[in-house]
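The values are calculated or read from the model by the stated rules, or taken from the named source; none is laboratory data. Since the structure is predicted, the reported quantities are computational estimates derived from the model, not experimental observations. When we count neighbours, we look across all protein chains shown, and the Cβ atoms used for this are built from the backbone with ideal geometry, even at glycine. Just the protein is used for accessible areas: all its heavy atoms, side chains included, with ligands, DNA and RNA removed. Shrake-Rupley method; radii C 1.70, N 1.55, O 1.52, S 1.80 Å.
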Amino acid sequence: MSELQQEYQQLKDEIRYHRYRYYVLNNPVVSDYEFDKKMGRLEEIEREHPDWIAPDSPSQRAGAEPLDKFEKVEHPAPILSLGNAFSPQDLRDWFDRIARLDDRVSNADFTIEPKLDGLTVVLLYRNGIFIQGATRGNGEIGEDITENLRTINALPLHIPVKKDGPQVPEVLVVRGEALITKADFEALNQRLEEEGKKTYLNPRNTAAGSLRQLDSRVTAQRPLTILVYAIVHSENGDIPSTQWETLNYLKGLGFPVAESSQYCQNLDEAIKICQETNPEQFPFEIDGMVIKINDLDLANDLGVVGKDPRGAIAYKFPAEEVTTRLDDIRVNVGRTGVITPYAVLEAVEIGGVIVRQATLHNFDFIKDKDIRIGDRVLVKRAGEVIPYVIGPIEDVRTGDEAPYTPPETCPSCGEPIVNPEGEVAFYCTNNACPAQLVRNLEHFVSRGAMDIVGLGISTVEQLVEEDLIKDIADLYTLKKQDLLNLEGFGEKKTDNLLMAIQESKSQPLYRLITGLGIRGVGEVAAQDLADRYKDLDVLKKASKTEIESLEGFGPNIAESVVEWFENEENQLILQKLKEIGLWPVAEKEEKAGPQPLEGLTFVVTGTLPSLSRTEVKDLIESHGGKVTGNISGNTSYLVLGEDPGSKYGQAQKRGVPIISEDDLKTLIEKGS
Ligand code: IVH
């Protein structure tokens, strides 16, 4: 071997090692700069001696000339699927079934592995060199996607045989799953978004689509990775006889293997892990856990049912994403006239709930994703968030789908809809739009605002429909006879409602401010305004600069407050409110009782288990504490609820102590 050949060989080995450290172990030992230098030198030598380039050279990952079609590949053994279990009981039933077939099962041990939500691939190595890679296909015959797989950095092109390490059989066929990690997927979509390009639906579809490319140079641009979990076939060489050893053996050969795989002495251990596993904690998407009989001979002897091996089973997590048909797109008119589209779906179950509608965010979203009526769409429902459409599955379009154009007139009042230049939102321009009024009233009477019990959505709708009220002030001049004429209103219900309406006149100022529905002014901001301004007359005179100087108030809220009071129709409402005696004046009453929270400033974020925003604020203030809207140097505690906003991250960054609703109550009890 010439000196140059030796250098070339050594470079190949070094680069292979560093890629392994980087892509498989996530633990590099050289800087990117050093690595790039080695790669540059290798490519230099290859340019001089193109005849030296072997298919396992690290330079052969950038993709090759496009193919006309994928060739067929016959698998050396059937590529089986898996039966499903949805509960611990299903797992025990599975165990009982196979225990009846074979006595060895009752003492069996197991492995438990994440069920990777990617695309199955079958990799053929001859003398340690990656020769061919295929899709699962129908389980017997797949498609040759070798060139695409070659671009996956984590996939070894060459298994180095170490003298003291495990030996590689002459032929080794390995099964794994190609996927994209959540972080890489987010980064990919963020980049596309910045470039103004269409984003991808989810990691799985993107991984599958990437491997179906005839042009492997395109595949090379996608952040695919791979994890392997089984040996499908081997010739001339020893392979392990248990699944647990197989995972370790594959890891020893340099393959990426899911770190989270575990050995279990018995089924109970595996069931416990299934129940304790939270899919969120994985860096890639998983749709369940796979439990496998560890003894591969036993697993093999148990045979298959259809395409499912008896010796393994998938414990599936409740799905969060499903596909269904988009039957229609309709719109809602919000409190401020914002028109938002929503999807009417063919009913579908997601995580135990039947979903018929989902949000479509805004009209830009529909356009950007090219969502059409009749499309099959991917819908997600995670935790308690409102289900939302992720996007259409374009591959299954029939041509009958109808593109969507936003309405030009308001579905409620028929007046024109406008989309101000540079804004995402579409608005109904009619201030007297009944739909807006309904939303406004709904908000005005809600628990966090005037808290008028007995005035539900349907009653509000009836009142507006019958033309009995035109604004919030009209609620207070409703006549008994007006209500009695409404459907479902008897004597008692009417009296109760009228009484509740009158009683709400004694609600404090901050609740009235909340109820006005000023854009950007929620319960916390309303309280801050009520603390500062004695009544609505004083607030009305406040300038934008003055409001902006209040803690937690930015220019946008300040402007929307000023605008609200400048609006003529709102001035009329204020006049009416004053006339009917709904004119609370904030009293700076002497605080009674013990004040354990004296001197402490709190910020609240997310939904608390039992207290509403108003209630937690009342609680804190009645014990001497202060509540503000933003994390600052003065914040003593962040009270954290479900689905917190950005304040959570800010508090963590600033090292502000984070407490729960319970902690807050303890703080109050201990102090008093
Ligand atoms: S074992 C006999 N292990 O899930 C071996 N499969 O729904 C059968 N999958 O087709 C497969 N992660 O593509 C196995 N750790 C894992 C897996 C896994 C994901 C996929 C596999 C299979 C599908 C069945």
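Among the residues of region 393-448, those identified as of a type in the set (Asp, Glu) and assigned to a helix (DSSP H, G or I) are GLU394, ASP395, GLU442. Against the numbered list (1) within 29 Å of LEU211 (Cβ to Cβ); (2) without any contact (Cβ under 8 Å) to a residue 24 or more places away in the chain; (3) open to solvent by 80 Å² or more (accessible area, probe 1.4 Å); (4) not acidic (Asp, Glu), TYR33 comes up short only at (1).
Within region 363-399, the set of residues being within 12 Å of PRO341 (Cβ to Cβ) and open to solvent by 50 Å² or more (accessible area, probe 1.4 Å) comprises ASP364, LYS367, TYR388. Just so you know, in region 81-93 the residues that are within 16 Å of the ligand (Cβ to nearest atom) and open to solvent by 30 Å² or more (accessible area, probe 1.4 Å) include one that is farthest from GLU276 (Cα to Cα), and it is SER81.
The C-beta contact set for region 77-91 (first residue among the β-branched types (Val, Ile, Thr), second residue open to solvent by 30 Å² or more (accessible area, probe 1.4 Å) and within 14 Å of the ligand (Cβ to nearest atom), distance under 6 angstrom, 6+ apart or interchain) comprises ILE79/ARG136. Yes or no: region 571-592 includes at least one residue that is touching an Asp or Glu at 6+ places or on another chain (Cβ under 7 Å) and without any contact (Cβ under 8 Å) to a residue 60 or more places away in the chain. Looking for residues that are touching an Asp or Glu at 6+ places or on another chain (Cβ under 7 Å) and without any contact (Cβ under 8 Å) to a residue 60 or more places away in the chain, one finds at least one in region 571-592, hence yes.
The single residue among PHE602, PHE565 that is assigned to a strand (DSSP E or B), in contact with a helix residue (DSSP H, G or I) (Cβ under 7 Å, 6 or more places away or on another chain) and of a type outside the set (A, V, I, L, M) turns out to be PHE602.
When the residues of region 639-672 are filtered to those that are among the aliphatic types (A, V, I, L, M) and over 24 Å from the mean Cα position of the chain (by Cα), the one that is nearest to GLY554 (Cα to Cα) is VAL656.
Residue by residue, here is whether (1) surrounded by fewer than 16 Cβ atoms within 10 Å (Cβ to Cβ); (2) of a type outside the set (Val, Ile, Thr); (3) part of a loop (DSSP other than H, G, I, E, B) holds:
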residue	(1), (2), (3)
ASP51	yes, yes, no
ASP56	no, yes, yes
SER59	yes, yes, yes
ALA62	yes, yes, yes
ILE79	no, no, yes
PHE95	no, yes, no
ILE112	no, no, no
VAL121	no, no, no
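If you check GLU523, GLU503, GLU551 for being touching a Lys or Arg at 6+ places or on another chain (Cβ under 7 Å), open to solvent by 30 Å² or more (accessible area, probe 1.4 Å) and under 23 Å from SER622 (Cβ atoms), only one passes: GLU523. Surrounded by 13 or more Cβ atoms within 10 Å (Cβ to Cβ), over 29 Å from LYS470 (Cα atoms), in contact with a strand residue (DSSP E or B) (Cβ under 8 Å, 6 or more places away or on another chain) and not β-branched (Val, Ile, Thr): is that true of PHE602 in this structure? Criteria met by PHE602. For region 619-646, the candidate set comprises residues that are open to solvent by 60 Å² or more (accessible area, probe 1.4 Å) and among the acidic types (Asp, Glu); within that set, the residue that is nearest to ILE386 (Cα to Cα) is ASP643.
Say whether the condition of being away from the ligand (no atom under 16 Å from the Cβ) and crowded, with 19+ Cβ neighbours inside 10 Å is met by at least one residue in region 185-196.
Within region 185-196, one or more residues are away from the ligand (no atom under 16 Å from the Cβ) and crowded, with 19+ Cβ neighbours inside 10 Å.
Filtering region 100-128 to residues that are within 16 Å of the ligand (Cβ to nearest atom) and small (Gly, Ala, Ser) leaves ALA108, GLY118.
Take the conditions at positive phi and in contact (Cβ under 8 Å) with a residue 60 or more places away in the chain and apply them to ASP471. Does it pass? Criteria not met by ASP471.
Reported count of residues in region 140-184, each being under 32 Å from the mean Cα position of the chain (by Cα), open to solvent by 50 Å² or more (accessible area, probe 1.4 Å) and basic (Lys, Arg), is 1. Considering region 233-255, the residues that are hydroxyl-bearing (Ser, Thr, Tyr) and within 21 Å of PRO78 (Cα to Cα) include one that is most open to solvent (accessible area, probe 1.4 Å), namely SER241.
Which of the residues belonging to region 285-326 are more than 10 Å from the ligand (Cβ to nearest atom), open to solvent by less than 20 Å² (accessible area, probe 1.4 Å) and not in a strand (DSSP E or B)? If the condition is that a residue be more than 10 Å from the ligand (Cβ to nearest atom), open to solvent by less than 20 Å² (accessible area, probe 1.4 Å) and not in a strand (DSSP E or B), then ASN294, LEU298, LEU302 are the ones that fit. One residue is enough: does region 268-276 have a residue meeting the conditions in a helix (DSSP H, G or I), small (Gly, Ala, Ser) and either open to solvent by less than 30 Å² (accessible area, probe 1.4 Å) or touching a Leu at 6+ places or on another chain (Cβ under 9 Å) (or both)? Within region 268-276 (the criterion being in a helix (DSSP H, G or I), small (Gly, Ala, Ser) and either open to solvent by less than 30 Å² (accessible area, probe 1.4 Å) or touching a Leu at 6+ places or on another chain (Cβ under 9 Å) (or both)), the answer is yes, since at least one residue qualifies. Of all residues in region 203-227, those satisfying the criterion of being more than 16 Å from the ligand (Cβ to nearest atom), open to solvent by less than 60 Å² (accessible area, probe 1.4 Å) and polar (S, T, N, Q) are THR206, SER210, GLN213, SER216, THR219. Of the residues making up region 417-445, just one is open to solvent by less than 40 Å² (accessible area, probe 1.4 Å) and among the hydroxyl-bearing types (Ser, Thr, Tyr), namely TYR427.
Would you call TYR263 within 13 Å of the ligand (Cβ to nearest atom), in a strand (DSSP E or B) and either at pLDDT 95 or above or open to solvent by 10 Å² or more (accessible area, probe 1.4 Å) (or both)? No, not satisfied.
Criterion first (open to solvent by 40 Å² or more (accessible area, probe 1.4 Å) and in contact with a Gly (Cβ under 6 Å, 6 or more places away or on another chain)) does ARG126 satisfy it? Considered against the rule, which asks whether it is open to solvent by 40 Å² or more (accessible area, probe 1.4 Å) and in contact with a Gly (Cβ under 6 Å, 6 or more places away or on another chain), ARG126 comes out as no.
One residue stands out among those in region 129-150 that are within 15 Å of SER216 (Cβ to Cβ) and in a strand (DSSP E or B): the one that is nearest to the ligand (Cβ to nearest atom), which is THR135. Scanning for something touching a strand residue (DSSP E or B) at 6+ places or on another chain (Cβ under 9 Å), of a type in the set (Gly, Ala, Ser) and farther than 20 Å from ASP90 by Cβ, does region 323-340 turn up at least one residue? Yes, because at least one residue in region 323-340 is touching a strand residue (DSSP E or B) at 6+ places or on another chain (Cβ under 9 Å), of a type in the set (Gly, Ala, Ser) and farther than 20 Å from ASP90 by Cβ. Every test in (1) more than 16 Å from the ligand (Cβ to nearest atom); (2) closer than 30 Å to GLU401 by Cα is passed by GLU280 save one, and that test is (2).
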